[in-house]
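Inspection log for the structure reproduced underneath, given as structure tokens.
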Amino acid sequence: MIFSPQSKVWIYQSNRQFTATEANEIQQKLDVFTEQWTAHGHQLKAKALMPHNFFIVLIVDQGTAMATGCSIDSSVRVIKEIETTYNVDLFDRFNIAYKLEDQIHVVTKEDFETLVSIKKIGPDTIVFNNLVQTLEEFERKWEVPLANSWHNLVFAEQLNA
């Protein structure tokens with residue numbers, strides 16, 4: 001299935017990596033959900049991804065049917081069920097994910113700030129920009145060097161210290 005570059009994207013980041021078994025179970029649950037996901041009776045062209053077993057990415061091609069408040073609420077319910085079932089936090093926007101030596105790490109904003117201050121994380125460190133809105137942005141601007149992300153603005157003082 002081909003999705004428009006302008007497809008809407010929602011990213012939920014886990015506070016820990018899912019095990020292979022958990023990821024399989026969650027992907028199956030998400031596949032069932034996206035296959036029957038509707039908005040005002042119209043089937044949504046949707047899919048779910050689980051990059052790095054740390055993230056849940058929901059994609060809706062709104063050229064077919066638009067996601068609406070009720071349909072978005074139904075997706076949030078599924079994500080909350082996953083949170084409860086697997087004892088993870090998928091809604092804490094103050095957790096920050098970054099990549100060091102091909103390993104994904106998720107830390108609190110405060111811990112990230114400390115890592116920047118002690119130079120363990122620098123401008124070239126890959127961070128995850130979970131604020132992307134479209135599939136095109138997801139593909140081009142999701143995994144980016146800290147210097148090219150919103151993180152650079154928030155942590156500029158520590159980076160330049």
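The values are calculated or read from the model by the stated rules, or taken from the named source; none is laboratory data. Please read all numbers here as calculations on a predicted model, not as lab measurements. Cβ coordinates were reconstructed from backbone atoms using ideal geometry, including for glycine residues, and neighbour counts include every protein chain displayed.
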Open item on the list: Quick check on my filter: what residues within region 75-98 are outside any loop (DSSP other than H, G, I, E, B) and either loosely packed, with under 15 Cβ neighbours inside 10 Å or of a type in the set (A, V, I, L, M) (or both)?
Closed with: V76, R77, V78, I79, K80, E81, I82, T84, T85, I96, A97
Task: Matching entry among L115, L90, L58 (being touching a strand residue (DSSP E or B) at 6+ places or on another chain (Cβ under 9 Å) and over 30 Å from A156 (Cβ atoms)) - done: L58
Task: Residue, farthest from the chain's Cα centre (by Cα), within region 40-66, restricted to residues that are small (G, A, S) and surrounded by 20 or more Cβ atoms within 10 Å (Cβ to Cβ) - done: A46
TODO: Scan (1) surrounded by fewer than 18 Cβ atoms within 10 Å (Cβ to Cβ); (2) modelled with pLDDT of 95 or more for the single condition F18 breaks and write down its number.
DONE: (1)
Open item on the list: Here are the criteria: (1) closer than 26 Å to A23 by Cα; (2) among the hydroxyl-bearing types (S, T, Y); (3) out of contact with any helix residue (DSSP H, G or I) (no Cβ under 8 Å at 6 or more places or on another chain). Tell me which single one T114 does not satisfy.
Closed with: (1)
TODO: Could you tell me which numbered condition H52 fails, if it satisfies all but one of (1) under 23 Å from E137 (Cβ atoms); (2) without any contact (Cβ under 8 Å) to a residue 40 or more places away in the chain; (3) part of a helix (DSSP H, G or I); (4) not basic (K, R)?
DONE: (2)
